[in-house]
Amino acid sequence: MNRKQFLKLSSLGLSALSFKQVPTAAVNKPIVISTWDSGMAVNAAAWKILGTGGKSVDAVEAGAISIENEINCCVGLGGYPDRDGIVTLDACIMDEHANCGAVAGLEQIKHPISVARKVMELTPHVLLVGNGAQQFALENGFTKEPAVLSKEATDAYNNWLKEGKYKPVINIENQPKKTFGGPFAPTFFNDGTPNHDTMGLVAMDATGNLSGAVTTSGMAFKIHGRVGDSPVIGAGLFVDNEVGAATSSGTGEEVIRICGTHLVVEFMRQGYSPEMACKKAVERIVNRDKAKAKTLQVGFLAMNKKGEHGAYAIQKGFVYSIKTNTENRIIAAKHLI
Ligand code: SD4
């Protein structure tokens, strides 16, 4: 094949592909989906904006703020500390124009998602970390608040210290569990460490525009300075307003390794449904090392431009919450192992 034929074929292929991908009118909008069952309350907060004709970017920020306000939760200042006993927070936000902002390793600021939004709106940058992120927050009207560990967080941390070995793991939900009260009650597994409550949410507003947000305290008892997938655009969150959006929860390192949410969106661009796109991304992780995958949990959650949504996880136990004009419920994700 000469270059001319190749170019002709490619352009035919591309136009056929783009024809297949051109989004039709969004169905059932507005719509918001969030990771975990705690997403129900997060969706309710986002719906106050979406349901009154507001913008998806405002809705996802409001949803994230609502869970950052909860003290008994693994998100925000009520989150679990790192191995030095310090709570460090990660968050990111992305809108329909591919504007995005993120913070990582942020200490003593109650609403990292709103700092991420300021990074997006006030700076030419995408990600600010550590002291610099805190300094930027303070310059922009946020105030310092100490993270006060709950009794449960203190006990879990002290238990973990006794063991004295550094082995951060994301819990897998298909183990016997116990929970404690509150709307955002973390679920305890294995050694009792709630470790999975990263909030990722994706919304489509009444005009059909997509945005997403993620907020988390990250992996419990991590090395101070460790950053997972959550604040990394393309890993913990990706939005392409032509195609769809995706978010993730679970072992961040595995998600970063495959640029997880970007991959999910690219699979949707190829025509896969949100659920199949999530499944193919999960397979990418599992197929590389099947034995290791048995010890991991990663879940992807996605929505396409038609308002179709779906999720997939490595292990049993990943769920997501959905809210539309006609639906308000929790959906269990399928799983590979
Ligand atoms: C991280 N992905 O820091 C996060 C943890 C998480 O639910 O999702 N927990 O790796």
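Measure off, as a whole percent, the carbon and sulfur share of the 1.4 Å-probe accessible area of region 241-337, all protein chains present. Spell out each step's value before the answer.
Working: 1890 of 3810 Å².
Solvent-exposed carbon and sulfur of region 241-337 make up 50 percent of the total.
Cα convex hull of region 26-335: how many Å³ per residue? Walk me through the numbers on the way to the answer.
Details: hull volume 34.9 nm³, N = 310.
Spread over its residues, the Cα hull of region 26-335 gives 113 Å³ apiece.
By average Cβ neighbour count within 10 Å, what is the ranking of 226-237, 42-53 from highest down?
Averaged packing, sorted descending, gives the order 226-237, 42-53.
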Computed about the Cα centre, the charge dipole of region 26-335 from +1 Lys/Arg and -1 Asp/Glu charges at the Cβ has a magnitude in debye, to the nearest 20, of 800 debye
Binning at 10 Å from 0, report for region 25-165 what percent of all alpha-carbon pair distances ends up in each bin. 12, 36, 34, 14, 4, 0
Just to check I understand the Karplus step: with θ = phi - 60° and J = 6.51 cos²θ - 1.76 cosθ + 1.60, what whole-Hz values come out for region 38-44, glycine and proline as x? 5, x, 4, 5, 5, 4, 4
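The values are calculated or read from the model by the stated rules, or taken from the named source; none is laboratory data. Just so it is clear, the model here is predicted, and its values are computed rather than measured. Backbone-built Cβ (ideal geometry, glycine too); neighbour counts: all protein chains shown. With ligands, DNA and RNA removed, areas are computed over all heavy atoms of the protein, side chains included. Shrake-Rupley method; radii C 1.70, N 1.55, O 1.52, S 1.80 Å.
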